[in-house]
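**Q** Just dropping this structure here.
Quick note: the coordinates plus some simple rules give every number you see, no bench work behind them. In this text the structure is predicted, and so the values were computed from the model without any measurement. So basically every Cβ, Gly included, is an ideal-geometry build from the backbone, and we count neighbours across all protein chains shown.
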Amino acid sequence: MSHAFKPSVITANALLEGDVVYLGAHDWVRDLADAEILTDEAVADIRMIEASAQTGRVVGVYLAEIDATGSRPAPVHFREAFRATGPSNYAHGKQETV
């Protein structure tokens, strides 16, 4: 039995900085709100192939499910919410703006 594809974004880590990044419509972005929201599994598969080929820019490329019902996309899973806020050792970077 197949499952229904749920809205998702492509995420990875920037190779040089280590920051969490999301695939936008034209390039990698650091804010989930700027990510390309994928609602079609076939399109997501193609975008994953394109993203995974960018080995000089990103590592650990994968699809992350999101809640796209609000005014901003929101992570569904704790891991993605945690990654979106940045490093947890002290308040800096993304955590300063939260």
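**Q** Give me a comma-separated list of calculated 3J(HN,Hα) values for region 25-40, in order, Karplus coefficients 6.51, -1.76, 1.60 applied at θ = phi - 60°, integers in Hz, x for any Gly or Pro.
**A** Using θ = phi - 60°, the values come out as 5, 10, 6, 6, 10, 9, 10, 4, 5, 9, 6, 6, 8, 9, 10, 10 Hz.
**Q** What is the calculated FRET efficiency for Ala74 to Leu15, with r their C-beta to C-beta distance and R₀ = 25 Å, to the nearest 0.05?
**A** Once the sixth-power term is evaluated, E becomes 0.40.
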